Each structure stands twice: as structure tokens, then as C-alpha cells.
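What follows is a set of notes on a single structure, which appears directly below.
The values are calculated or read from the model by the stated rules, or taken from the named source; none is laboratory data. These numbers come from a predicted model, not from an experiment. Glycine gets a Cβ as well: all are built from the backbone with ideal geometry, and neighbour counts include every protein chain shown. Keep in mind that these areas ignore ligands, DNA and RNA; they rest on the heavy atoms of the full protein, side chains included. Shrake-Rupley method; radii C 1.70, N 1.55, O 1.52, S 1.80 Å.
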Amino acid sequence: MQISRECGAADVLVNNAGISMIAPAEETTAAQWQKVMSVNLLGPFLLCKYLGAQMLQRRTGSIVNVASVRASQGSATAVPTVRPSTV
């Protein structure tokens, strides 16, 4: 992996990136949705997969996944959603 070659072994991974898009679902494009999913889910998964494998092989390291309180609270204005008036 390029990171390991350039920076050496990772001892700690902190997944702390996240984005949101404030738009109703009916106005959200697939590309916009995919961008949010890529940053919020795919990125941390891939980092854990590759750096975690290296940590397991070396038998040392820590991974910290950080999430906003929004991860456990629903909000009609904070994520793509269907407006109640359209249901």
C-alpha cells in the first residue's frame, strides 16, 4: 500500500471524516447519494480493511471510528429524505 511505503506502518487509524447533504430525496441524484456513501461508509471501511490487516499482521495498532450524534438521530432536514407532504 502506498501509505505504508511512503510513511511507514500505521499504529493508529482515526476515521473522523463525514459529509452530509441537505436535500429532499426526490431532489437527490444518485451521484450525490453515492458521494455521501463513499465518504461516510466506503472510505472508513477501506481504511479499516487495509490498515487493520497490517495492524493484525504486526499484532499492534488501534482503530477509532468517530461519528456525529446525527448517526443515531433522524432529522428531516439533515439527510436526503422524502417530504411528509409527498407521501
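Numbers for the structure displayed
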quantity	calculated
From Ala53, Ala25, Ala30, Ala67, residue being touching a Gly at 6+ places or on another chain (Cβ under 9 Å) and either among the small types (Gly, Ala, Ser) or more than 28 Å from Ala9 (Cα to Cα) (or both)	Ala67
All positions within segment 27-60 that are over 15 Å from the mean Cα position of the chain (by Cα) and polar (S, T, N, Q)	Thr28, Thr29, Gln54, Gln57, Thr60
Matching residues, segment 2-34, being open to solvent by 40 Å² or more (accessible area, probe 1.4 Å), outside any helix (DSSP H, G or I) and at pLDDT 85 or above	Ala9, Asp11, Val12, Val14, Asn16, Ala17, Gly18, Ile19, Thr29
Qualifying residue in segment 70-83 (condition: among the hydrophobic types (A, V, I, L, M, F, W, C) and modelled with pLDDT of 85 or more)	no
